[in-house]
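Before any comments, here is the structure.
Each value in this text was obtained by applying a stated rule to the coordinates, not by laboratory testing. What you are looking at is a predicted structure, and each value in this text was computed from that prediction instead of being measured. Quick reminder, even Gly has a Cβ in these numbers, built from the backbone with ideal geometry, and neighbours come from all protein chains shown.
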Amino acid sequence: MYNPKQNEETRTEVMHSLIRTHPLGAWISMGDGELIANHIPFDIDPARGEFGTLVGHVARGNPIWRNPPSAIPTLVIFQGPQVYITTSWYPSKHEHGKAVPTWNYAVVHAVGVPVFIQDSAWLHQHVSRLTDRHEASQALPWSVSDAPADYVDKQLAAIVGVEIPISKLTGKWKMSQNRSMPDQLGVVAGLLARKDPRAADVAAVMQGILGSSFP
């Protein structure tokens, strides 16, 4: 990934936070001589490994686990807040016109060799933890124990667990850092004026980067 110094995010805890907030990863691997992409929601276990361990599962019918490349790393991409940036928000555009539109975004790339798990107890604990996390915000949270035990067992038999100890973790926060301070402040104001959740998310990230410089 092209990642200019000004856009680099090196804090592991910040990258883990993005993964927790945007857990659906685009998982890229090699198989049968071609690139294969799967879209998997992952948990991040920060306590295991230098950069943490991704934890998820795939359908048993998914061929990715049957002939895994034992020593070939795979890549999981997590896309965070992102939005189009118009030049009309730059004061400099109105001064001299030397500006072009762009796209602001935050993204995390996690690299590691996957390990596949078929143990039913592990799978039950994994899906219970995953479910509890994502059901917590619901008015009537559902839990795995709400379903009949034999039904749960049948569902567990249809999946295979995966853990990816992260060997390399890269963050890119492209948030108008290359623009002047007035232009950055103009972008934040423009995003907030849109009253759009995606725009507000990017504005919040930019405000965090600007810190005390933000009025």
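Below, the figures for the structure above:
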{"quantity": "Restricting the stretch 3-38 to trypsin sites (Lys or Arg not before Pro) in coil, as DSSP defines it, with at most 15 other Cβ within 10 Å", "calculated": "Arg11"}
{"quantity": "Where GluC sites (Glu not before Pro) fall in DSSP loop in the stretch 1-109, at most 14 other Cβ within 10 Å", "calculated": "Glu50"}
{"quantity": "Between helix 120-135 and the chain: long-axis angle, C-alpha atoms, 0 to 90°, nearest 10", "calculated": "30 degrees"}
{"quantity": "Exposure proxy ranking, count of Cβ atoms within 10 Å, fewest first, for Glu135, Glu163", "calculated": "Glu135, Glu163"}
{"quantity": "Candidate values (1) 41; (2) 67; (3) 47, label of the one derived for percent of Cα pairs over 26 Å apart", "calculated": "(3)"}
{"quantity": "Restraint check, Lys98/Lys174; Lys5/Lys195; Lys5/Lys168, Cα-Cα greater than 25 Å", "calculated": "Lys5/Lys195"}
{"quantity": "Calculated [θ] (222 nm, deg cm²/dmol) that DSSP helices of n ≥ 4 give over the chain, each run adding -39,500 (n - 2.57)", "calculated": "-9500 deg cm²/dmol"}
{"quantity": "Residue exposure sequence - Asp43, Asp119 - by fewest surrounding Cβ within 10 Å", "calculated": "Asp119, Asp43"}
{"quantity": "Sorted by Cβ neighbour density within 10 Å, fewest at the top, the residues Lys174, Lys154, Lys195", "calculated": "Lys195, Lys154, Lys174"}
{"quantity": "At q = 0.18, 0.24 Å⁻¹, base-10 log of I(q)/I(0) for the stretch 34-101 (Debye sum, equal scatterers on each alpha carbon)", "calculated": "-0.83, -1.24"}
{"quantity": "Range of Cα positions in the stretch 132-215 per principal axis (Å), largest first", "calculated": "61, 37, 19"}
{"quantity": "Extended-chain gain in nm, criterion 0.36 nm per residue less alpha-carbon gap, His134 and Met1", "calculated": "44.9 nm"}
{"quantity": "With at most 14 other Cβ atoms within 10 Å, longest stretch of the chain clear of loop chymotrypsin sites (Phe, Trp or Tyr not before Pro) (DSSP)", "calculated": "3-141"}
{"quantity": "Those aspartates and glutamates that a straight Cα-Cα span of less than 14 Å connects to Lys154, excepting residues fewer than 8 apart in one chain", "calculated": "Asp119"}
{"quantity": "Using θ = phi - 60° and Karplus 6.51 cos²θ - 1.76 cosθ + 1.60, couplings along the stretch 30-39 (whole Hz; Gly, Pro as x)", "calculated": "9, x, 6, x, 9, 6, 10, 10, 10, 10"}
